[in-house]
Every structure is written in structure tokens, then in C-alpha cells.
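One structure is given below, encoded as C-alpha cells.
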Amino acid sequence: MALDPTKHADWEIAEDSESRMKTVYQLAEQLGLQKEELLPHGHYVAKVDFSKVLQRVEKKSDGKFIDVTAITPTPLGEGKSTTTVGLVQGLGKRGKKVIGTIRQPSGGPTMNIKGSAAGGGLSQCIPLTPFSLGLTGDINAIMNAHNLAMVALTSRIQHEFNYDDERLAKSNLKRLDIDTDRIEIKWIIDFCAQALRKIIVGIGGRMDGFMMESGFAIAVSSEIMAILSVAKDLKDMRERIGRMVVAYDKKGKPITTTDLEVAGAMTAWMVEAINPNLMQTIEGQPVFVHAGPFANIAIGQSSIIADRIALKLGDYVVTESGFGADIGFEKFWNLKCRYSGHRANAAVVVATIRALKCHGGAPVPVPGRPLDPCYKEENVGWVEKGVENLIHHINTVKKAGINPVVCINHFYTDTDAEVKAVRKLAEKAGARVALSQHWLKGGEGALELADAVVDACNQPNNFKFLYELNVPLRTRIEMIAEQVYGADGVDFTPDALTKVKALENDPDISKLGTCMVKTHLSITDNPQLKGAPKGWRLRIRDILVFKGAGFVVPMAGDIKLMPGTSSDPAFRRVDVDVNTGKVKGVF
């Protein structure tokens with residue numbers, strides 16, 4: 001019997017449920033995996049040798065594919081990961097062979113505000129501690145591979161600065177003439193460390209490196225994480241890593257990891273990481289965990305590889321895109337589906353009465369502070385006003401030609417009148433609507449949602465991309481801004497305009513998708529603007545190029561690639577029972 005989530009913390013529920021977990025061998029048998037395809041990391045977590053699985057099942061037809069997205073969240077999050085796990089459990093209760101494909105959490109939010117994204121209440125992915133604290137080492141591998149590129153780059157700059165051509169030749173090095181004012185990447189770390197956003201490296205003498213400005217970004221924003229998300233196999237990953245642009249020379253020519261002769265060694269760090277991780281829900285359904293979060297500053301999708309094997313092994317596959325449909329779903333639609341060839345049969349848009357009230361005029365919740373009492377009081381007017389944000393996201397899903405299902409993620413403070421208002425307006429906008437109590441009741445509470453999703457999957461859809469790759473870069477950015485965000489247009493800073501003009505003259509750019517960086521707290525580039533604002537323009541301040549991943553990355557507004565740690569971070573409540581070695585306080 002599971003613990004009551006109204007009386008127990010998520011980590012307590014997870015710990016209690018872990019006493020009844022299936023072993024990875026039982027999960028493998030449930031999935032139909034063969035012994036040599038399973039790579040155990042203990043009794044309850046394993047990697048899966050995806051290449052062996054695909055060789056065996058590649059001719060099988062794919063199962064139904066469902067993406068879970070959301071309305072624009074409050075800073076507290078609206079339970080999208082919880083809904084993803086709950087839907088997997090609900091479909092399991094209906095007797096469906098279902099698999100979840102979700103993202104591995106970053107140490108940044110796990111030790112900061114949002115938690116580990118394992119779900120919550122009676123809809124969690126377990127075992128919680130390994131899920132939240134490094135899992136099988138994929139992010140560590142990404143950090144080592146990425147930072148090795150920085151080691152290669154900074155040491156090469158030092159040697160070129162200190163050595164003449166003859167001495168370089170004796171070291172078997174070719175002068176690359178790297179422009180130290182055009183370094184395209186930073187160091188990475190998997191924490192929210194604002195003090196490392198801007199640093200000076202190379203302080204000291206000539207043996208201590210070349211002194212220049214540098215900095216850190218969070219690990220999951222690395223291009224290598226993006227490559228892990230979109231790579232189809234190890235060969236594809238190796239080629240993509242070799243195309244990564246790390247800097248430019250003094251004539252404006254890109255310097256790649258291949259030029260630095262480091263791409264092979266970087267890939268060596270990723271050989272194990274390319275295999276998805278196998279875990280389970282509290283109710284025992286299999287879940288593949290692979291690639292990372294942050295759709296606001298990264299692609300924010302679980303891996304194509306995990307989806308490929310799941311779609312061959314399951315009848316229903318539920319994946320998740322980061323944050324709201326304006327950023328996570330848009331990247332699922334125009335990037336992940338483009339590179340994978342997969343098409344979703346349905347998309348779930350998660351909404352909470354709490355978030356709808358926020359978009360309708362209630363005070364914005366502040367993490368670490370008590371929720372304003374107004375959120376526990378009925379206010380249908382705020383909810384109806386906030387539904388404008390929900391309808392905006394429903395329309396985004398419909399533009400992709402995918403059938404939308406609205407999940408009202410039910411909180412015990414929600415009233416019948418508030419729920420009725422959401423249902424009426426969302427159905428009028430052309431979406432199926434389901435009330436779900438998966439946090440409180442697990443799969444049993446998600447049956448209405450599961451039924452709505454099955455119904456949506458059985459209906460035809462008309463999938464189409466927002467843009468084709470032959471559309472000019474500026475036009476693509478404008479299409480995303482106007483048709484997905486609702487902007488009146490796009491303004492480029494002088495530096496961004498110079499970059500975008502140069503990129504439009506590069507024939508390789510026509511092969512790259514567009515991966516926007518934008519706040520998740522608003523449809524606009526201003527996190528303070530709620531609802532579905534009108535009469536605004538998107539500001540693009542910079543353009544990055546991820547040639548390896550296959551993206552051009554426009555940077556909108558003031559968002560940073562290194563988040564900051566709050567004054568009341570989660571790590572203050574994490575500890576270890578020294579008698580048992582069990583971790584407590586992770587959520």
C-alpha cells in the first residue's frame with residue numbers, strides 16, 4: 001500500500017515504493033529484451049544496448065507516440081513530469097503496453113529550486129536517489145567531453161601565442177590563428193553557479209595559459225547534450241562532435257573540434273552515455289531516461305535513440321518536452337521530429353488552476369515563500385482570463401497538425417466551478433479535456449486522461465512543420481516569434497544582425513534547424529508578462545551556431561546559459577542517514 005502524498009514527502013513515498021520495485025531483469029523480461037541487450041548498473045537501474053535492440057526489432061511497426069507539454073508555468077512548475085509518469089501509469093492500468101521516455105535531471109535544479117523532475121506524489125520514476133544524483137554518469141561524460149574541447153582550445157591558444165612556427169612544427173601542430181575575441185564555447189558544470197558566468201582564465205605567467213575572458217554554462221546547455229538528444233547512433237554522434245565549432249580564426253573561418261584533433265577523444269567519453277537508461281514508475285511500468293532538460297536554453301528533449309527503441313518495444317510511448325508548448329513542444333515539433341522522422345499521434349498540454357490564476361491576475365508565486373492565500377480561494381474570473389494562455393498553447397499544437405489533449409492536473413484546492421470553466425473553454429478551442437488526479441492516486445487517478453489520449457491517438461492528424469530548412473534564417477525566426485509566441489515581429493541587436501546576415505550567406509546554414517533560447521516564464525521574452533500578451537516584439541541579442549547538433553541558436557531577451565542558485569536552495573534539506581546510507585530530502 002503506497003503512502004498518502006498529502007501526508008508524506010516525495011522522497012518518503014519513493015523510498016517506500018522502492019521496497020516493492022521490480023529488478024531490471026524483470027523489467028527487461030516485461031519489455032522483451034534479451035540478456036545481452038541489458039547492461040545492469042546494480043539491481044534496479046540498467047543501460048540498454050540500443051544498437052543490439054534495433055538490429056533485432058527494426059522491422060517491427062512503431063507504437064503510438066504521445067508528447068507531454070504544458071501551458072506557461074509558474075516558477076513552481078505545473079507537474080509536467082508528474083503528468084508524464086501518471087499517464088504512463090494510467091495507460092498501464094488500462095492494460096496497454098506502455099513505455100515512458102523522459103529526460104535525466106540536472107544537478108542544477110535538483111540542488112536548487114525545481115527538484116529532480118522525477119515526478120511527484122504517487123506518480124514518480126524510481127529509484128529516486130540514483131535518478132536525481134548522477135544516474136549512470138551520462139552528464140558527467142558530457143562534462144568531460146565538453147571540457148576536453150575547452151582544454152584543447154585553451155592549450156592550443158597558449159602554445160600558438162608562445163611558440164613560433166618552427167617550434168609549433170616540432171610539436172606537430174599547425175597554426176590555427178585562433179581569434180581569442182571569437183571563442184564560441186565556455187566551460188560547463190552541472191550546478192547553478194552564477195559566480196562562474198564570467199571569469200578570467202590564464203592568470204599567472206606564460207606557463208599558466210593565455211589570459212582571456214571566459215566563463216561557465218550549465219552542463220545541459222552544452223552542444224554535446226544536444227548531440228546526445230538527436231544522434232541516431234555512435235557513427236552519427238562521432239560525425240556531429242567533429243563538426244562542433246569552438247572558435248573562429250582571425251579571418252573569420254570556423255575552428256572545429258576536428259581542427260583541434262580532439263573530436264575522437266571527446267566521443268570516447270560518450271561511448272557508454274549513448275545507451276539509454278532503464279528505470280520504472282512507482283507502479284512498475286518501464287521508463288527510458290536519456291538526455292537532459294532545459295528547453296528554455298537547450299533542446300529540452302529526451303533522446304531520439306530512446307524513442308526509437310521504445311516505439312519498437314511498446315504499443316504506446318509517452319515522452320516529455322521541457323516547459324511550455326511555446327518552447328519545448330516547438331522544438332519537439334520542428335527539431336526532434338524532423339531529425340527522427342517520428343510523428344506524434346497526440347500531445348498533452350498540462351494545465352493547473354494555480355497557473356491559470358497566475359496568468360489571470362493573481363500574484364506570481366515565489367519559490368521558497370508561502371503561496372498567496374488567494375490561490376486556495378475560488379476565483380473563476382482569474383481562471384477564465386488565464387485560459388487565454390492555455391488556448392494559445394492549444395493552438396500551437398494544432399498548428400503542428402497534432403491532436404491536443406488538455407490535462408487539468410488537479411490540486412485539492414481546485415473547485416468544481418474552476419475546473420468546469422477550464423473544460424468548457426478548452427473544448428471550445430478544439431481540445432479534448434481530462435481531469436487527472438495522478439499525483440494523489442497514481443495510475444488510478446489518470447484513467448480519464450489515459451482514455452482521452454487513446455481516443456486522440458486513434459484519430460487521424462495532419463502533421464506539418466512550421467518551416468522548411470530552405471526558408472531564410474531571419475524568416476524562420478520571425479515565423480516562430482509571430483506564429484508560436486504571438487509577437488508582432490522581431491528586432492535584432494546590431495551584433496545579432498551582423499551574425500544573422502553572415503549566417504544567411506553560409507550554404508551550410510540551410511541544413512540547420514532553429515533552436516530558440518527564451519524565458520520559460522512567459523510566451524514573450526519578458527518573464528514578467530503573463531497570459532497571452534499582444535502588441536510586443538521579440539528581441540534577439542545574439543546568435544550561436546551548433547553545427548554538430550544541427551542548430552542555429554538565436555538568443556532572445558536576457559536569458560543566460562548559466563542559471564543562478566536561489567537564497568533557499570534544495571540542498572539545504574538534503575542529507576544522508578549515516579546508519580543506512582540512504583539519502584533523504586531529494587524531491
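The values are calculated or read from the model by the stated rules, or taken from the named source; none is laboratory data. Everything quoted here is computed from the prediction, not taken from an experiment. Because the Cβ atoms are built from the backbone with ideal geometry, glycine has one as well, and the counts that use them run over all protein chains shown. Calculation scope for accessible area: heavy atoms of the full protein, side chains included, ligands and nucleic acids excluded. Shrake-Rupley method; radii C 1.70, N 1.55, O 1.52, S 1.80 Å.
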Give the long-range amide H neighbours of ALA217: residues separated by 5 or more places, or on another chain, with amide H under 5 Å away, using H modelled in the peptide plane at 1.01 Å from N. TRP187, ILE188, ILE189
What does the convex hull of the Cα atoms come to per residue for segment 381-438, in Å³? 74 Å³
Checking rank on 461-469, 335-343, with mean other Cβ inside 10 Å and highest first, the result is 335-343, 461-469
Remind me, relative contact order of the chain in percent, using alpha carbon pairs under 8 angstrom and six or more residues apart? 21 percent
Leaving out ligands and nucleic acids, note down the accessible area per residue over the chain with a 1.4 angstrom probe, in whole Å². 40 Å²
Compute the separation of the alpha-carbon centres of segment 53-96 and segment 417-469 and state it in Å as a whole number. 13 Å
Which residues does a label at LEU3 reach in segment 122-152, if reach means a backbone N under 18 Å from a point 7 Å past the Cα toward the Cβ? 122-133
Report the convex hull volume per residue for segment 45-170, counting only C-alpha atoms, in Å³. 221 Å³
Kirkwood Rh over alpha-carbon pairs of segment 160-255 plugged into Stokes-Einstein at 37 °C, 0.692 mPa s gives a D in µm²/s of 209 µm²/s
Interatomic Cα distance distribution for segment 412-535, bins of 10 angstrom, percent: 10, 25, 28, 21, 13, 2
So what does log10 I(q)/I(0) come out to for segment 362-471 at q = 0.10, 0.14, 0.15, 0.21 Å⁻¹, using the Debye formula with one equal point on every Cα and no solvent? -0.38, -0.69, -0.78, -1.20
Could you compute Rg(Cα) / (2.2 N^0.38 Å) for segment 528-587, with N its residue count? 1.93
Computed over the chain: longest principal axis from alpha-carbon atoms vs helix 380-399 long axis, angle to nearest 10 degrees, is 60 degrees
For segment 503-559, one quarter of the surface area of the C-alpha convex hull, expressed in nm², comes to 4.6 nm²
Mean separation of Cα contacts under 8 Å (at least 6 apart) over the residue count of segment 395-540, i.e. the relative contact order in percent, is 21 percent
Segment 477-517: Rg/Rh from Cα coordinates, Kirkwood Rh? 0.99
Most packed first (mean Cβ within 10 Å per residue), the peptides 437-443, 212-218, 224-230 order as 224-230, 437-443, 212-218
Could you tell me the extents of the chain's C-alpha atoms along the three principal axes, largest first, rounded to whole Å? 78, 57, 50
In nm², the average projected area of the convex hull spanned by the Cα atoms of segment 82-136 is 4.0 nm²
Taking segment 236-378, the whole-percent share of alpha-carbon pairs separated by over 22 angstrom is 59 percent
Relative contact order (percent) for segment 248-317, with alpha-carbon contacts under 8 angstrom and 6 or more residues of separation? 16 percent
Rounded percent of accessible protein surface that carbon and sulfur make up, the chain, 1.4 Å probe: 51 percent
Could you tell me how many degrees, from 0 to 90 and to the nearest 10, lie between the Cα long axis of helix 447-457 and the main elongation axis, the longest principal axis, of the Cα atoms of the chain? 60 degrees
Helix-derived mean residue ellipticity, 222 nm - over the chain, DSSP H n ≥ 4, -39500 (n - 2.57), to 500: -9500 deg cm²/dmol
Spelling out what I want: for every residue of segment 17-26, take phi, set θ = phi - 60°, compute 6.51 cos²θ - 1.76 cosθ + 1.60 (Karplus), and round to whole Hz; glycine and proline get x. 5, 5, 6, 10, 5, 7, 6, 5, 6, 5
Longest to shortest principal axis, alpha-carbon extents of segment 93-166, angstrom: 72, 30, 15
Binning every alpha carbon pair distance of segment 1-116 at 10 Å from zero, what are the percents per bin? 10, 32, 39, 17, 2
